[in-house]
Structures are given as C-alpha cells and as structure tokens.
1. Give 338, 342 a once-over and let me know the one that is in contact (Cβ under 8 Å) with a residue 12 or more places away in the chain and buried (at least 18 other Cβ atoms within 10 Å of the Cβ).
2. Which is within 23 Å of residue 411 (Cβ to Cβ) and either touching a residue at least 40 places away in the same chain (Cβ under 8 Å) or touching a helix residue (DSSP H, G or I) at 6+ places or on another chain (Cβ under 6 Å) (or both), of 530, 488?
3. Filter the stretch 25-55 down to residues that are loosely packed, with under 12 Cβ neighbours inside 10 Å and more than 42 Å from the chain's Cα centre (by Cα) and give me whichever is modelled with the lowest pLDDT.
4. Just to check your reading of the model, which residue among 319, 267 is assigned to a helix (DSSP H, G or I) and within 25 Å of the chain's Cα centre (by Cα)?
5. Which one of 343, 373 is outside any helix (DSSP H, G or I) and modelled with pLDDT of 95 or more?
6. Filter the stretch 216-253 for residues that are farther than 25 Å from residue 314 by Cα, crowded, with 16+ Cβ neighbours inside 10 Å and free of Cβ contacts under 8 Å to residues at least 40 places away in the same chain and give the result.
7. Looking for something assigned by TED's automatic domain parsing to the domain that holds residue 14, in contact with a helix residue (DSSP H, G or I) (Cβ under 7 Å, 6 or more places away or on another chain) and under 30 Å from residue 388 (Cα atoms) - is there at least one such residue anywhere in the stretch 89-105?
C-alpha cells in the first residue's frame, strides 16, 4: 500500500546510516527483499526470477555502487578536471536527481519516486562519512588513514589497507578450519555449551561441547525453526536467509587464514541474533503444545503444571544462560588493559620514542595518552602502521615529532617491499656524548661496574624478513628513525614486540620494565635499579590476585611478561649472591600474580623458580613446585630426576622409593628406573636398620 512506502524509505535511510558504521547491515538486504516479495507475490518461477534479478540490481547499486564506485568516480572526476568543474558537475547531477524525483511525484509514478527517494536517502545517510573528512582535517592525534583529502578518503572508504583477497582460492581448509573452528565452534558457545580444553594458542579447542548450557538453547531453537517453517514457511525462509547470509556466507567471503590474531566470534553476531529469534518461537511452540496437554488436567493440577512449565521455559532456561555466561563476561575489577598499558608507558624516559607491535598494545596506550593525559610526552610508533606512507608522514610532522630523514615525496612513494637479498652488517654511529650520558646515568644508579669500550657505533646484522630476499617498510623505517635520531631521544621497544621486529638490535636492548631501551653499550641485559623501582613502586598490578575477577586464558598468557620481569630481576640478584633481595622479588611476584590463579604454562619456568627458592634456603618451595610439575605432566622425566636428587640429598629414601614406584607404574619397562629403585630400597633398609640399632634397650636400662 502507498502508506507503507514510508517504511521502505526509513529502511533506505537506515541502510545509508549503517554503511557509515559497518557494512554488515548490507547482508540483511536479501532478507528484506524476500519479505517484500512474499508480501506482494505468490511464489512462481517467473516472478521469482524477476525478483532475484531486481534484488541483485538493487544490491549491486548499493554495494559496490554507492559504497565503493561512487567515491571512486568522484576521485576520478576530481583528478581529471578542475575543482570548479567538479563543483558544477555535482550541482548539475544533484539538480537532475531532485528534478527527476519531482517529476515522478508530480506524475504519480510511485515506483520511480520510491526508487529515487530511496537512492537519495541512502546517500544522505552515508553522508555521515563527511564527519570523518572534517575531523581528519583538524589533524587529531589519532588520525588513521589520514582521510583529509579525496584520495585518502576513498582509500579509507574502500578499506584499501586491508587489501583484496580471493574467495575461490581458500587460505585455510574451508570445512575443518573456516566453518568448523571459526563458525560452528562460536555458534556452539552461544547455544550449546563452551569447552574448557585449550590448544597451543590458549584457545578453546572443542568444536562442540555441552558444558554449561547442556545444548538446551540449541534444542529449543531447532524446535522453533521447524515450528516456524510449519506455520509460516515464507517468513521462516526469510530468517533462514538472514541466518545464512550473516553466518556461512561471511565465512566464505572473509576466507580467514590460520591462525587469526584473536577470537572473532563478534563477526557472526547477526547470525546468532537470527537463531535467537527461533529460540523465542521455540519457547512459544513448546508453551502452546503444553497448554493443549495441560488443558486436560484437573484444576489443581493445571496450576502446578502451568507454574512448572513457566519456570522451566521463562526462568530456568534464560537464567541458566545468564548464570553460565555472566562471570566470563563481567569486567568488574578487570584493569589488565589499563594497567598493562600504563606500565609500558611508565617504563619510558621523558620524550621517548616507543615502538609497539600492533593494535592490542597501541590503542590502549593512545587511550591513556589522549583521554587520561598519562605520559603524552612519549611518542608511540606502531610497527604495523609504519608500513603506510600516511602514518610515516604523521610521525614526521605531528607533535611530538619523530626524526625521519626521508623527504615528503620519498615517503609518499614508499611502499611494498625493500630488496634485501642477504644478511647485512649495519653500523649506526654513536656520538661520544651518548656514551658519556649513558655512563653517568648508570653511575648515578650504581650500575657502572666496569669500563666499557666506545667504538663509536653499534653494529647489528639485519637479515631479510620477507621470504629471504626483502625487508618490510617498517624494518627500514626503524633503522631510519634510529639513525636520524642520533641518540637525542631515548628509544624503546615494548615488551610485546616480537624478536623478528627488532631488526637485529637484541644485544643493545636493556630491560627497564615493560619496555627495552636502546643503549649504546651492548649486553647490559637489565637495569636492576629501574626494574626494581618499577616493579615495587611504579607499576600497577590491580586485582591479578583477586579470584573474583575473571581473566580469560589469552589474558593469563599475556601476563607471562610480568613474570618475565620479576624472574630476570630475581636471577640478577641470584647471580650476585643477594639472596634476600631475590626472595623479596619472588615473594612479591607470587603475592601479585599467584600461581593458583594464573598458572605458569611452561614447566621449565616453574622448575626455575623452585631452584631459586632452594638456593635461598626454602627447600619446601622447591619440592612443592617439583611435585606440582609431576602432577601436571606425569611423564616429564626431568622433574622426576630433580625431585629424586632432592630427596636423596635430604636422605628421604622412603619418599624417593614411592617416587620411583610412581614413575614405574607409568613406565614399567624402564630398566634404569628399576635399578635405581632397587638401590633406593637397599639404602632405605640400611637406614632403617641403622636407626633401629642405635636405639637403647629400654628394658635393660630399667633393670
């Protein structure tokens, strides 16, 4: 009906607005088209073919038409003509659109008017992107892609930085990885249950698990789906289309490679919403069926039966969902992202240049700097973005500036890979003032323990980082920044930066906290004074020892970096024989990051901590950790050998015998272990005999 046209216009405007947020909404268009078709037509082959053709045409007009081609056409016209001509052309085209709309309305051509008005409203909605253009021209501190001109704006709209990919040539196994692991597994988390077994990347391994939810939401959803198709197959088909387009279709389109940098279950949220509709329909269907059954009951039984059904369907099912998921989704008291970023920034000296790895260790730092005004003097340099000309240009020109020797023209033309066929030794000059400044700084902290040579340069070996024949732009820019800086500003690498991204600088990096400082002297390893101050006075470790705060496995894995700092400082004190200080460090680590809440995944680290405790005279801590490792990994021979040696040293032969029996139960064919057990039993017997023989004859003494 003509009065319903307003809903179509509202949908068109919402589509335009949503394009400015996320392209996911475009996948809902086929469902909308199908609903319109079933409202207007009976299902016939000829009309359905026409419907598919028109739907594809409209979809194509919106994407890639309005979303990609319209900006590209605007850029092409701008580059080919003068600004004045471009402005005139825009006015002419806009006038033609409005005139055509006016004529269609005047002539009561409903379809043409509706199409033109919808097209106009989509453009009006999408025009919210102009806010990005205006904001970028104000040069804010965070200005990704720098969309302040037409060319950059088009690249921003087209998401050029993500590149193109084929949906035909699969980047990972379609069924085993992309569908099972990256969709069905996430779908199961929502409606079936969530597993607990972790893979090597600390991610949940089970594709299907009934843990927690018992599969009940999924069962109700399946009932709802079948009921929906039985009662109204047309609308059910529309929801099914939405479910597929925002689920499996996205899997095929994204063509995700293995592994992904993080769990991406949020990509399929619309698909989960679609299935959730069937859960609601399923509850309604079950309630209706139970109503028919309960109708036959006696009056007193009806009330009990109705109350029971109400509790199960409308209380127990949603409450179980809520209770199972609440703790893992509750962020109350979780300060890991804030504290982690704070600690990285506070590791740096004033006006430092700090290289970070990617999104996860950059955006939280930017938040602290530009929202909380914490350490805005530190210039964060994101290594991932350092491959793009627009970001290099911002680093060079925006405060605080990063020293870069390239001209603007050279920066604009930089890109791709830089030929680098073999390992090359690079010497970066070091002025005598830099040596002197570092020496005086170390002396002031009592860390200058010997004279060190001053060759006048640091020598590093830079190997190819891309298939053995090239380096990335980021590698070249790191070297350029270090060279151009001439040691004026302190340079740091965040602890999260991988070794591959440090361009051979390892010998000259010193751990000061959550960042490594580039030093002119090699092999300094750590600054014990700064590291101790940061760990005991400066850094934040809020609620890591609070069992009520939920930390996922990925976060717990990230916290190994904290332990790495404590252990390096503890090992420094151990090497110097300062065992009291070592114990203070180890005890503080356990106090702040208890192993009971945040387990150590690597058994070798557990054993290393145990040895430190033993060296300081706390043998019970060493034994406790050895037994914990054996309990977690019963086949770890090294742990058995160390515990056996420990028990022998303390003449605890009975415990040693039990230990070897435990090993032989798991490895009955180990002849060497059998011989050791026999020897231990002899020692135990001799010890017991010696103990018995040394006891006085009580009766004789009484007499």
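1. 342
2. Going through 530, 488 in turn, just one is within 23 Å of residue 411 (Cβ to Cβ) and either touching a residue at least 40 places away in the same chain (Cβ under 8 Å) or touching a helix residue (DSSP H, G or I) at 6+ places or on another chain (Cβ under 6 Å) (or both): 488.
3. Per the stated criteria, the residue is 40.
4. 267
5. Checking each option against the conditions leaves just 373.
6. Once the filter is applied, which keeps residues that are farther than 25 Å from residue 314 by Cα, crowded, with 16+ Cβ neighbours inside 10 Å and free of Cβ contacts under 8 Å to residues at least 40 places away in the same chain, the stretch 216-253 yields only 244.
7. No, every residue in the stretch 89-105 fails to be assigned by TED's automatic domain parsing to the domain that holds residue 14, in contact with a helix residue (DSSP H, G or I) (Cβ under 7 Å, 6 or more places away or on another chain) and under 30 Å from residue 388 (Cα atoms).
Let's see how each residue does on (1) under 30 Å from residue 130 (Cα atoms); (2) over 19 Å from the mean Cα position of the chain (by Cα):
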{"residue": "156", "(1), (2)": "yes, yes"}
{"residue": "159", "(1), (2)": "yes, yes"}
{"residue": "170", "(1), (2)": "no, yes"}
{"residue": "184", "(1), (2)": "no, yes"}
{"residue": "190", "(1), (2)": "no, yes"}
{"residue": "204", "(1), (2)": "no, no"}
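The values are calculated or read from the model by the stated rules, or taken from the named source; none is laboratory data. Please read these numbers as outputs of a predicted model, since none were measured by experiment. Cβ atoms come from the backbone with ideal geometry, glycine included; neighbour counts cover every protein chain shown.
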